[in-house]
Amino acid sequence: MNRYLTFSLAISMTLSTLAIPLRAANKPRAGTDSQNTVVWTNDDLEKLRDVPGLISIVGQIDEETQVPESAPAPYVETQDPEWYAEQAANLRDELERRQAQLHEYLQAIEDARSLRNTTGGINLAEGDIAITLEDGIELLQQRVNEAQMGLDDLEDLARRNDIPPGTLRGQ
């Protein structure tokens with residue numbers, strides 16, 4: 001009994017889902033009614049213009065409408081000489097700090113080799129860890145080179161954007 005009820009329910013559901021698209025296919029579509037072709041003339045458009053909200057005419061400017069003033073150009077930092085001077089100063093400070101670290105590290109190695117007293121240390125845990133003295137020197141030299149490449153890249157960008165070279169040197 002349940003089997004027949006389930007089967008009849010499945011058949012009725014299938015037939016009803018097939019009938020829904022068929023009914024929709026028989027309805028007329030918007031804009032496809034070819035029997036009522038309307039030709040609009042300029043006079044008809046003028047009549048519709050008097051009724052607000054019925055038609056929009058694109059491409060015509062009213063004489064009463066004033067052209068708004070252009071907005072100021074957005075700030076582009078790569079065109080600002082002061083931005084370059086600030087970035088160059090930051091990169092020069094970074095380069096000097098890295099060179100000082102390298103010099104202190106080399107001095108500490110020299111002091112250790114000559115058995116002199118050493119002071120302080122360098123935080124090598126900023127990224128990579130040096131296991132040997134040579135690795136430490138190489139690591140610090142790499143950091144100096146990265147800072148120098150950043151300064152070189154900024155100089156190239158300034159050159160492409162016609163920023164005077166003295167701007168980067170703080171002149």
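Placing pseudo-labels 7 Å out from each Cα toward the beta carbon at A89 and L115 gives an inter-label distance of 4.9 nm.
The 3J(HN,Hα) values that the Karplus relation (6.51, -1.76, 1.60; θ = phi - 60°) gives for region 131-136 are, in residue order, 8, 10, 5, 5, 5, x Hz. Gly and Pro appear as x.
Each reported figure results from applying straightforward, stated rules to the coordinates on display, with no laboratory input. In this text the structure is predicted, and so the values were computed from the model without any measurement. Backbone-built Cβ (ideal geometry, glycine too); neighbour counts: all protein chains shown.
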